[in-house]
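Written out below as structure tokens is the structure these notes cover.
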Amino acid sequence: QVQLVESGGDLVQPGGSLRLSCAASVSIFRIYAMGWYRQAPGKQRELVATVYSGGGTAYADSVKGRFTISRDNAKNTVYLQMNSLKPEDTAVYYCNAIIDLMTFWGQGTQVTVAS
């Protein structure tokens, strides 16, 4: 069973920064794609950013230029650096990984952007 352990969620003021981490229990080289989704109250879960095994990345338009996804192969960990945070970024952020055509999710970490 693949486990994804997230950390880094917090309360931050508008304009602030946070870094989320997601550690996988398997070698990152087995993972086709790994990234972050978020779900705000009353809204559907949406893709934030993902990084592919070949190194390519994809971002939601709403976070381009503010968020950066990266990975540390030695630690089997993916990071989401979030800068210039806005109140509309408030959501539960879920780590996601696709391995052997199966999708795995982390437990979620809360990010709240408020003054």
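The values are calculated or read from the model by the stated rules, or taken from the named source; none is laboratory data. Computed from a prediction, not measured in an experiment: that's the story for all the values here. The protein model used for the area step is the full one, side chains on, heavy atoms only, and it has no ligands, DNA or RNA in it. Shrake-Rupley method; radii C 1.70, N 1.55, O 1.52, S 1.80 Å.
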So, in region 83-96, how many residues would count as being open to solvent by less than 20 Å² (accessible area, probe 1.4 Å) and under 10 Å from the mean Cα position of the chain (by Cα)?
3
Output the residues belonging to region 1-60 that are open to solvent by 50 Å² or more (accessible area, probe 1.4 Å) and assigned to a strand (DSSP E or B).
Val5, Ser7, Leu11, Arg19, Tyr37, Gln39, Glu46, Leu47, Tyr52, Thr57, Tyr59
